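The values are calculated or read from the model by the stated rules, or taken from the named source; none is laboratory data. Being a predicted model, the structure only gives us computed values, none of them experimental. Heads up, the Cβs are rebuilt from the backbone with ideal geometry, glycines too, and the neighbour counts pull from every protein chain shown.
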Amino acid sequence: MTAVTMTLAQARAWDDTDPLRSFRDRFALPAGVIYLDGNSLGPPPRSAGPSLDRVIRVEWGQGLVRSWNDANWIGAPARVGGKIASLIGAAADEVVAADSTSVNIFKLLAAAMAGRPAPRVILTAKGEFPTDLYLAHGVAATLPGVVVRAVEDDEIEASLTADVAVLLLSHVHYKTAARRDMAAITQRARAVGAVVLWDLSHSAGAVEVDLTASGVDMAVGCGYKFLNGGPGAPAFLFVARRLQPTLRSPLTGWMGHVDPFAFRDDYEAASGIARFLCGTPPMLSLLALEAAIDLWLEVDRQAVAQKAERLWSLMAAQMEARCGGQDFKLISPRETALRGSHIAYSHANGFQIMQALIARGVIGDFRDPDILRFGITPLYLGYEDVWRAVEALREIMLSGDWRRTPPRVAGAVT
Ligand SMILES: *Cc1c(COP(=O)(O)O)cnc(C)c1O
């Protein structure tokens, strides 16, 4: 890929002809902020406020308990799941919106273990997102004969032995943005009788995902990152239709029952994807997520992919041209097919630099030990934004401004 730098005028010209330009106004972003952290928390779609207002006043306020039927609240996990399915190459009846990514990982890991002879290995990669690793160990602690094996990336293939029940992997890595070959790994796992649980937290809404074409068995993902569903939005889970009858959720809550409102004493799992539900859905969060997904459904996703590619390349090129010699080391793969939609640099003073950048209204984030992360989100970012973000970084470096930011407070959210 060739690095293409731009002048401010050129960046503006690209914005003027951007087919996605109108979507920027569909988000409520504060003035004076360049938001490069949609990979951590997407901004609110303007439709979310009026939608929640109506839900609170009309559906909750007027409809009261009747809204479970009259407003079809009860159908929302499947309905929103079905919409998310269309973004990730799944059938509508293979996805539900429910719980958190963490809880969904637990449910699907445990479900995949059932009925397999010991030893049952959960294979995963070192350096995966912490909750994924913690939950692998949590599942192992609750099920006899389950062990966790975390290996280096280049050892995954050799570690796929017959005792592996589940391979738990992120599709796009949360720090480096490195993207794995979903179809190839899924196939290799299947060859030894294992299933892969793909974590799509940094993929959904970021890169094209086709679970069906890739032969994927199980996946989970996050609602509040690139999908813009709101802080703590419900997550989603996917189970391929062919596997649904054989898999049981370990969290046998009543919403996963075949007939919750029969109030029977005995648990009988629902027949389809609904068996992976647990308790009453959080309707306000779920309907905010739905507003965000509805916006996604309007978007030409090829245009998103093309713009993401251009924004990313512009960022990389401007960083080289304007912040070269400042010790920023690109740790994301350059090739489009090998990465997600954020760009990460390591720098020894990364924490202070990011704080100085945020103080100037350019919001990215910092990840231990030394990583600056910038989310490239084509729905509301423009070329001028990326251009200005790099200029702000340059000023911080040349002026030494970052040295004046206070050191890190332990335990704070980064
Ligand atoms: C963000 C993220 C999560 C988040 O899990 P929560 O249960 O929503 O806190 C999980 N896995 C990965 C890979 C993530 O990036």
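If you take the residues in region 27-42 that are away from the ligand (no atom under 16 Å from the Cβ), surrounded by 13 or more Cβ atoms within 10 Å (Cβ to Cβ) and part of a loop (DSSP other than H, G, I, E, B), which one is farthest from the chain's Cα centre (by Cα)? First the steps, then the outcome.
Initially, region 27-42 is screened for residues away from the ligand (no atom under 16 Å from the Cβ), giving 27-36.
Narrowing the set further to residues that are surrounded by 13 or more Cβ atoms within 10 Å (Cβ to Cβ) leaves 27-29, 33-36.
With the extra rule that they be part of a loop (DSSP other than H, G, I, E, B), the set shrinks to 28-29, 33, 36.
Numbers: ALA28: 21, LEU29: 20, VAL33: 22, LEU36: 15 Å.
The residue in question is VAL33.
How about region 113-129: which of its residues are surrounded by fewer than 16 Cβ atoms within 10 Å (Cβ to Cβ) and either more than 16 Å from the ligand (Cβ to nearest atom) or closer than 15 Å to VAL220 by Cβ (or both)? Step through it out loud before you land on a result.
Just the residues of region 113-129 that are surrounded by fewer than 16 Cβ atoms within 10 Å (Cβ to Cβ), to begin with: 114-115, 117-119, 126-127.
Hits for region 113-129 are ALA114, GLY115, PRO117, ALA118, PRO119.
Entry remark, region 271-315: residues being among the β-branched types (Val, Ile, Thr) and within 19 Å of HIS257 (Cβ to Cβ) number 2 in total.
Consider region 188-209 and keep the residues that are aliphatic (A, V, I, L, M) and farther than 14 Å from LEU123 by Cβ. The one that is nearest to the ligand (Cβ to nearest atom) is LEU200. Taking each residue of region 43-56 that is in contact (Cβ under 8 Å) with a residue 24 or more places away in the chain and looking for partners that are assigned to a loop (DSSP other than H, G, I, E, B) with beta-carbon atoms closer than 7 Å, six or more apart or interchain, yields PRO43/ALA28; PRO43/LEU29; PRO43/ASN228; PRO43/TYR380; PRO44/ALA28; PRO44/GLY230; PRO45/ASN228; ALA48/GLY230.
Of the residues LEU52, LEU133, the single one that is within 16 Å of the ligand (Cβ to nearest atom), assigned to a helix (DSSP H, G or I), surrounded by 14 or more Cβ atoms within 10 Å (Cβ to Cβ) and modelled with pLDDT of 95 or more is LEU133. For region 154-178, the set of residues classified as surrounded by 14 or more Cβ atoms within 10 Å (Cβ to Cβ) and of a type outside the set (A, V, I, L, M, F, W, C) consists of GLU155, SER159, ASP163, SER170, HIS171, HIS173, TYR174, LYS175, THR176, listed by residue number.
From ARG339, ARG334, ARG388, ARG373, which residue is modelled with pLDDT of 95 or more, loosely packed, with under 15 Cβ neighbours inside 10 Å and not hydrophobic (A, V, I, L, M, F, W, C)? Steps first, answer last, please.
Working: ARG339 fails: loosely packed, with under 15 Cβ neighbours inside 10 Å; ARG388 fails: loosely packed, with under 15 Cβ neighbours inside 10 Å; ARG373 fails: loosely packed, with under 15 Cβ neighbours inside 10 Å.
ARG334 is the lone residue from the list that is modelled with pLDDT of 95 or more, loosely packed, with under 15 Cβ neighbours inside 10 Å and not hydrophobic (A, V, I, L, M, F, W, C).
For region 210-234, residues that are in a loop (DSSP other than H, G, I, E, B), among the hydrophobic types (A, V, I, L, M, F, W, C) and within 14 Å of the ligand (Cβ to nearest atom) total 4. Scanning region 382-414 for residues that are within 14 Å of PHE328 (Cα to Cα) and among the β-branched types (Val, Ile, Thr) yields VAL390, ILE396.
For THR124, the conditions (1) farther than 29 Å from ARG301 by Cα; (2) part of a helix (DSSP H, G or I) all hold with the exception of (2). Residue by residue through region 82-101, note down the ones that are surrounded by 22 or more Cβ atoms within 10 Å (Cβ to Cβ) and within 16 Å of the ligand (Cβ to nearest atom). Scanning region 82-101 gives ILE84, ILE88, VAL96, ALA97, ALA98, ASP99, THR101. List pairs: first in region 94-117 and among the basic types (Lys, Arg), second more than 8 Å from the ligand (Cβ to nearest atom) and part of a helix (DSSP H, G or I), Cβ under 9 Å, 6+ apart or cross-chain? Once the first residue is among the basic types (Lys, Arg) and sits in region 94-117, its partners that are more than 8 Å from the ligand (Cβ to nearest atom) and part of a helix (DSSP H, G or I) give LYS107/PHE276. Summed over region 257-274, the residues that are surrounded by fewer than 12 Cβ atoms within 10 Å (Cβ to Cβ) and either touching a helix residue (DSSP H, G or I) at 6+ places or on another chain (Cβ under 7 Å) or among the hydroxyl-bearing types (Ser, Thr, Tyr) (or both) give a count of 1. Residue-level check: of (1) assigned to a helix (DSSP H, G or I); (2) more than 16 Å from the ligand (Cβ to nearest atom); (3) crowded, with 22+ Cβ neighbours inside 10 Å, ASN104 misses just (2).
Within region 238-256, take every residue that is closer than 13 Å to ASP99 by Cβ and within 24 Å of the chain's Cα centre (by Cα) and give me the one that is surrounded by the most Cβ atoms within 10 Å (Cβ to Cβ). Step through it out loud before you land on a result.
In the first step, residues of region 238-256 are kept if they are closer than 13 Å to ASP99 by Cβ; the result is 249-251, 253, 255-256.
If we keep only those that are within 24 Å of the chain's Cα centre (by Cα) as well, we get 249-251.
Numbers: SER249: 22, PRO250: 16, LEU251: 18.
Across region 238-256, the extreme among qualifying residues is SER249.
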